[in-house]
Amino acid sequence: MNDVARFGKVAVLFGGTSAEREVSLKSGRAVLEALLRGSVDAHGVDVVDNSILETLRSGGFARVFIVLHGRGGEDGVIQGALETLGLPYTGSGVLGSALGMDKVRTKQIWQAAGLPTPKFLVLENEADLGRVAAELGFPVMIKPAHEGSSIGMSKVERAEDLAAAWKTAMQYDRAVLAESWITGREYTASMLGEQALPLIRLETSHAFYDYQAKYFADDTRYHCPCGLPEAEELQLRALAQRAFRAVAASGWGRVDFMCDRNGQPYLIEVNTVPGMTDHSLVPMAARAAGIDFDALVLRILEDSFMRDVQQREVRRDA
């Protein structure tokens, strides 16, 4: 799409109040700068309180580019508010955002769909910790159910360390899950419209790909091409697409998964508003597909534009 004027006035939402605020600020500024370079009438909006609704209502905006990570921005809340205002937006809708943010519901849907994901337990209280050794064994990953960027996550190898890991996760979320640890290689599949971009294999000196490894570590290695035979990579990309659609995610995003030592894949989580920083994975995968950062940002915005056009046509024909 060459006529960017058709996008109208675009609000780029970033910041927010979640634990991922700092990452969102970096992502949002990068997206805003890319849109401005593309001559889009884009305006950055730091979402700090409920006044955002009045800002959007009175600002004459035609659509919204969401670059909010975590709660309030990636969980269906802002998406629902934008639906109420009648403002088209990028990425997944209310349902896909809410499901993608909820690791427990995501895994339950994948299990029901016959998609592979590690065994898990929901830890509703400290008494549930006693079930971990018997039902999952060690090591396990303890994680908040509704946080991104690996915030609040811990790898636990001994029963005596479970309580501390559970309390760490509880600082971020009252819903905590324990997940079987998968020993193997970690991959991510980036989604752009109906396309699964080339896989990236992640390699870190940390126990897992945690917050520090994602955004600050200089020794984290990203392999793209990922090193798998073409046929195997295509199968995994197709699996990631199925996992993405299963939770009603759309537009753009990311699916993270592991492959164990036998090559068996295990789906870990969906990200419906992934990072867009210089360390981020979606821009890296896009580059491997011949799509530079500015073109990627415009593609995401164009997807929301075309979806809005289609929805208007459906309503008109109804």
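Specify the residue that is surrounded by the most Cβ atoms within 10 Å (Cβ to Cβ); the eligible residues are those in the range 266-282 that are of a type outside the set (Ser, Thr, Tyr), in contact with a Gly (Cβ under 9 Å, 6 or more places away or on another chain) and not in a loop (DSSP other than H, G, I, E, B). Ranking the qualifying residues of the range 266-282, first place goes to Val270. For Ala213, the conditions (1) at pLDDT below 95; (2) in a loop (DSSP other than H, G, I, E, B) all hold with the exception of (2).
Confirm whether Val122 is more than 22 Å from Val282 (Cα to Cα) and touching a residue at least 60 places away in the same chain (Cβ under 8 Å). Considered against the rule, which asks whether it is more than 22 Å from Val282 (Cα to Cα) and touching a residue at least 60 places away in the same chain (Cβ under 8 Å), Val122 comes out as no. Within the range 109-132, does at least one residue satisfy the condition of being of a type in the set (Phe, Trp, Tyr) and assigned to a loop (DSSP other than H, G, I, E, B)? No, the range 109-132 has no match at all.
Pull up the range 108-119, narrow it to residues that are closer than 19 Å to Gln241 by Cβ and in contact (Cβ under 8 Å) with a residue 40 or more places away in the chain, then point me to the one that is surrounded by the fewest Cβ atoms within 10 Å (Cβ to Cβ). Applying the filter and picking the extreme gives Ala113.
Each residue in the range 83-98 was checked for being over 17 Å from Gln310 (Cβ atoms) and buried (at least 23 other Cβ atoms within 10 Å of the Cβ), and 1 of them qualify. When we screen Thr84, Thr90 for residues that are among the polar types (S, T, N, Q) and under 19 Å from the mean Cα position of the chain (by Cα), the only hit is Thr90. Residues in the range 246-265 that are in contact with a helix residue (DSSP H, G or I) (Cβ under 9 Å, 6 or more places away or on another chain) and either aliphatic (A, V, I, L, M) or surrounded by fewer than 15 Cβ atoms within 10 Å (Cβ to Cβ) (or both): Ala246, Val247, Ala248, Ala249, Val255, Gly263.
Is it the case that the range 179-189 has a residue that's in a strand (DSSP E or B), within 28 Å of Pro283 (Cβ to Cβ) and of a type in the set (Ser, Thr, Tyr)? Spell out the reasoning first.
Step one: of the range 179-189, the residues in a strand (DSSP E or B) are 179-180, 184-189.
So of that shortlist, the ones also within 28 Å of Pro283 (Cβ to Cβ) come out as 179, 184-189.
Among the residues that remain, those that are also of a type in the set (Ser, Thr, Tyr) are: 187-188.
So far as the range 179-189 goes, yes, one or more of its residues are in a strand (DSSP E or B), within 28 Å of Pro283 (Cβ to Cβ) and of a type in the set (Ser, Thr, Tyr).
Residues of the range 155-168 that are without any contact (Cβ under 8 Å) to a residue 40 or more places away in the chain, buried (at least 20 other Cβ atoms within 10 Å of the Cβ) and assigned to a helix (DSSP H, G or I): Leu162, Ala165. Within the range 86-106, the residues that satisfy the criterion of being closer than 25 Å to Lys9 by Cβ and in contact (Cβ under 8 Å) with a residue 24 or more places away in the chain are Leu87, Pro88, Tyr89, Thr90, Gly91, Ser92, Gly93, Ser97.
Among the conditions (1) more than 16 Å from the chain's Cα centre (by Cα); (2) free of Cβ contacts under 8 Å to residues at least 24 places away in the same chain, Gly137 misses just one, which is (2). Please verify whether the range 289-304 includes one or more residues that are at pLDDT below 95, over 25 Å from Arg29 (Cβ atoms) and in a helix (DSSP H, G or I). No, the range 289-304 contains no residue that is at pLDDT below 95, over 25 Å from Arg29 (Cβ atoms) and in a helix (DSSP H, G or I). Could you list, in sequence order, all residues of the range 65-81 that are under 19 Å from Arg29 (Cα atoms) and free of Cβ contacts under 8 Å to residues at least 60 places away in the same chain? Passing the criteria: only Gly72.
Can you tell me how many residues in the range 1-36 are closer than 18 Å to Asp75 by Cβ and in a strand (DSSP E or B)? Of the residues in the range 1-36, 3 are closer than 18 Å to Asp75 by Cβ and in a strand (DSSP E or B).
For the range 193-204, a residue qualifies if it is in a strand (DSSP E or B), within 23 Å of Ser24 (Cα to Cα) and either modelled with pLDDT under 90 or in contact with a helix residue (DSSP H, G or I) (Cβ under 6 Å, 6 or more places away or on another chain) (or both), and exactly one does: Ile200.
In the range 57-88, how many residues are out of contact with any strand residue (DSSP E or B) (no Cβ under 6 Å at 6 or more places or on another chain) and not in a loop (DSSP other than H, G, I, E, B)?
The total comes to 10.
Taken over the range 42-75, the criterion of being surrounded by fewer than 15 Cβ atoms within 10 Å (Cβ to Cβ) and among the basic types (Lys, Arg) is satisfied by Arg57 alone.
Taken as a whole, the condition of being modelled with pLDDT under 95, surrounded by fewer than 18 Cβ atoms within 10 Å (Cβ to Cβ) and either of a type in the set (Val, Ile, Thr) or more than 26 Å from Glu20 (Cα to Cα) (or both) does not apply to Ala207. Among residues that are within 20 Å of Gly73 (Cα to Cα) and among the basic types (Lys, Arg), Arg174 is included.
The values are calculated or read from the model by the stated rules, or taken from the named source; none is laboratory data. Just so it is clear, the structure is predicted and the values come from calculations on it, not from any experiment. Heads up, the Cβs are rebuilt from the backbone with ideal geometry, glycines too, and the neighbour counts pull from every protein chain shown.
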